[in-house]
Structures are given as structure tokens and as C-alpha cells.
Amino acid sequence: MKKYILFALISVCLCSCSEDEIKSYQGEQYLYFSQLINTTNDYDKENGYMEVSFNNYPTSEEITVKIGISLIGKPLSEDTPYSVVVVEENDKEDTTPNAAAKNFRLPDNPKFGAGLSNDTLEVILVKTDDLKENVKLCLKLVSNDYFQGTMQQYEQIKIIFNNVVSKPEWWTTQVTKVYLGTYSRKKI
């Protein structure tokens, strides 16, 4: 009797196994600022911006800021153009003025690399004499013929920059938490 039960169980197990076809992603392509998710020393997730100071680069007239962008969807077969625009932010709570057009340059025709899931947008910040206070540059990914848009929470990034004495680059979140606390100009 045990043989028959064992034979019945084995035949049930063999009959229940089947192969399912795994279908590939068939949706649209989307981009988002991955820097907003993957925190780095450059991006202050608590305050929601990247901070750059020409004071930390005294011999530079221009600074290239690299911003991570990621793809949702199938990898692309060729370099594909995407759209990024400057957003003028006029928030009553945020008194930081918007950056003037002379203080930055965006790539003319940014392209997302073929076969990549992550790429980089390079924004050039330009030093001028009137950068005596913080200014903000807000960038937003928008849809075009190739990309349907982005993840709503990760479509916009803010860069705050200046040419005054500012927090040094080595004053990271870890330094703030463990050693020196929140940065202030009085601590220098």
C-alpha cells in the first residue's frame, strides 16, 4: 500500500510542475533623479537640496555638478534625448532667490546612454561677482517623445550655490551627527 501512495504522490508532483514564460517589461520609459533616493554627501535629503560653494573651489570659475538620473523600463538601444527644464520657485517660506541665467549652463541636448540604467546630468555653475548670497537652481525632468515622464516625488531637484564662506565639503552628515553638529559660520 505504501508503494501505491508513494507512486501517486510522485506522479502528482511530476504533473504539477510546468514552465511559465516570463514576460519582459512592456510599459513606457520613465526617468527620475536617482540622487534624491540614493543619498550622497552632495545631497541634503533632510532639507531637499544640493549645496555647492565656489568658496570650496577658489581657483575655479566654473563647477560641474553631476546629478544622477535613472531609467525605469527597458534599457535603450541607442543614446536617447531627454528634457530637463529650469523651474522658477517662488515660495513664501523659502527666501532664497532663483539663480540668474548667467550663473548656470545646462547641456543643449542631454541624452540618456544606450544600455544604461543610470546616467549623469552635468550642470555647469558659473561664478560671478554677484553671488554674495545663496541662490537656487531648480531642475525638473519633463516628458518628451521618448520618455513618458518621471516618478512624481523624484522629478525635481534643487541646487543651492554661492560664493561666500560656506560649509566645507568634508563636513558631511556623519560629521554633523557624530562630531561637530549643525554647521554655522561662527564655528569656523
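Computed from the C-beta positions of residue 57 and residue 117, the FRET efficiency with R₀ = 35 Å rounds to 0.70.
Modelled spin-label separation between residue 10 and residue 95, with each label point placed 7 Å from Cα along the Cα-to-Cβ direction: 8.3 nm.
Whole-Hz Karplus values for the stretch 60-69 come out as 9, 8, 9, 10, 9, 9, 9, 10, x, 10 Hz, taken residue by residue from phi with 6.51 cos²θ - 1.76 cosθ + 1.60 and θ = phi - 60°; glycine and proline positions read x. Going down the table (74/158; 66/111; 23/74; 111/140), which pairs top 18 Å between alpha carbons? 74/158, as the Cα separations exceed 18 Å there. Under the simplified labelling scheme, the residue 128-residue 145 pair shows an inter-label distance of 3.4 nm, with each label point 7 Å from Cα along Cα→Cβ.
Enumerate the amide H contacts of residue 87 below 5 Å, restricted to partners 5 or more residues apart or on another chain; note that Pro and chain-start residues carry no placed amide H. HN-HN under 5 Å from residue 87: 138, 139, 140. Spin-label model, residue 64/residue 152: points 7 Å from Cα along the beta carbon direction are separated by 3.6 nm.
Each reported figure results from applying straightforward, stated rules to the coordinates on display, with no laboratory input. On a predicted model such as this, the values are computed, not experimentally measured, just so you know. Cβ atoms come from the backbone with ideal geometry, glycine included; neighbour counts cover every protein chain shown.
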